[in-house]
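Below: one structure, written as structure tokens.
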Amino acid sequence: MPTASLRALLAQSIDYAGMFPPCSLALEPALRNQAEYVRAPEAWMLNTFVLSVSQFDAAGESLSLFERQHPLRISALGSKGANRDHFIAGLKVAADKIRSFCAQHPGLVSVDQLETALAPDADLGLLGKITSILDGFDLQTFWEAPADLAGQTIALLAEHNLATDQRPFGVKLRTGGVTADAFPVSRQIARVIVAAAKARLPIKFTAGLHHPIRQFRDEVQTKMHGFLNVLGAAVLTAEHGWDEEQTAEMLEDEDAASFSFEDESFAWREWKIATDRVTEQRKFVTSFGSCSFDEPRQDLRALGLL
């Protein structure tokens, strides 16, 4: 049995993105995997199925795999816009598709998240238009920004969130890819984590987080960040007010023995956080996208955590 603190840190933490590299499955087998995963003993770790809005209609043909007790929960990917006009047009299309898809399949489908890249010329006016377009939707939005520009995006989103009583916007950070140059360094990730924690801004991560602990991987010829490092550093940063240096130190740790999970608390080295506080901080440290739900579970078993 996993400890209570491990469950708190990893509850609904993995957005399954099986159609994306390096797995790159077709839609139907990816949906078959999701249908299996939602019924698995470790389903408590599973969050949404990452699906482009352009594939909603095709996904409808496989909904017999799901049932009301085990529905298809989706994180919708919107289209990128080269400028604000294209961005707004794409967002309106996404909103219409989300509304229609959910109405066609009540009880079998829910769209819980929307994630896409912000227009490069985003400002408070654009965020206000986004809020208007998404009015009435019960979903968490995440706006992706590259690591070197994420600080500016976080500041803009935080200013918007303070001025509205709507569900706060969040930021999405890419933490890897299929080549070495796609991986931001630990200091870059730490800077984003610290900024999001200070602003109390929801944050999710995507790509390159297949394994619990940071390690060198031959397939990408670089060190991949660990999801226990990233999620753990994010909750500890939010709890203890860490600076970039301290956060980066945890992101760099490759020793599984540094991580301790008890029922009452989670600890990294001498730093500790109570299990109920992990749950509280996870309201802001939401999830990470992974093209595999199998690798994270296999590695956690190998570490004796599952």
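Observations, loosely collected:
- Pairwise centroid distance, computed over Cα atoms, of segment 208-238 with segment 1-22, Å: 13 Å
- Overall shape: prolate for segment 114-185, with the ratio a/c of the largest to smallest alpha carbon gyration tensor axis at 1.5 or above and a/b above b/c.
- With all protein chains modelled, accessible area of LYS223 [1.4 Å, Å²]: 80 Å²
- For the chain, the relative contact order comes to 21 percent (Cα pairs under 8 Å, sequence separation of at least 6).
- Think of it as helices only: each DSSP H run of n ≥ 4 in the chain is worth -39500 (n - 2.57), and spread over all residues that comes to -11500 deg cm²/dmol at 222 nm.
- Sequence-separation-based contact order of segment 1-155, relative, with Cα cut under 8 Å and 6+ spacing, percent: 19 percent
- Three principal axis lengths of segment 181-253 [C-alpha, angstrom, descending]: 36, 20, 19
- Within the straight-line cut-off of under 29 Å between alpha carbons, the lysines reachable from LYS129 are LYS80, LYS92, LYS97, LYS172, LYS198, LYS204, LYS283, sequence neighbours fewer than 8 places apart in one chain being disregarded.
- A viscosity of 1.306 mPa s and a temperature of 10 °C, combined with the Kirkwood radius over C-alpha pairs in the Stokes-Einstein formula, give segment 140-263 a diffusion coefficient of 107 µm²/s.
- For segment 92-160 and segment 45-65, distance of Cα centres in Å: 18 Å
- Table column - 3J(HN,Hα) (Hz), segment 208-225, Karplus curve with 6.51, -1.76, 1.60, x for Gly and Pro: x, 10, 7, 10, x, 10, 3, 6, 6, 10, 4, 5, 10, 6, 7, 8, 8, 5
- Where segment 224-306 is the region considered: accessible area per residue in Å², 1.4 Å probe: 40 Å²
- Among the protein heavy atoms, those of HIS160 account for about 20 Å² of accessible surface (1.4 Å probe, every chain in place).
- As a fraction of the 1.4 Å probe accessible area of the chain, surface on carbon and sulfur atoms comes out at 50 percent.
- Cys with no candidate disulfide partner in the chain (beta-carbon separation under 4.7 Å rule): CYS102
- Karplus-based coupling profile of segment 64-70, in residue order and whole Hz: 5, 6, 10, 8, 4, 6, 9, with θ = phi - 60° in 6.51 cos²θ - 1.76 cosθ + 1.60 and x standing for Gly or Pro.
- From phi via Karplus (6.51, -1.76, 1.60), per-residue ³J(HN,Hα) for segment 188-205 in Hz, x at Gly/Pro: 5, 5, 4, 4, 5, 4, 5, 5, 5, 5, 5, 8, 6, 9, x, 9, 10, 10
The values are calculated or read from the model by the stated rules, or taken from the named source; none is laboratory data. Being a predicted model, the structure only gives us computed values, none of them experimental. As a convention, Cβ positions derive from the backbone with ideal geometry for all residues, glycine included, and neighbour counts pool all protein chains shown. Ligands, DNA and RNA are excluded from the accessible area calculation, which covers all protein heavy atoms including side chains. Shrake-Rupley method; radii C 1.70, N 1.55, O 1.52, S 1.80 Å.
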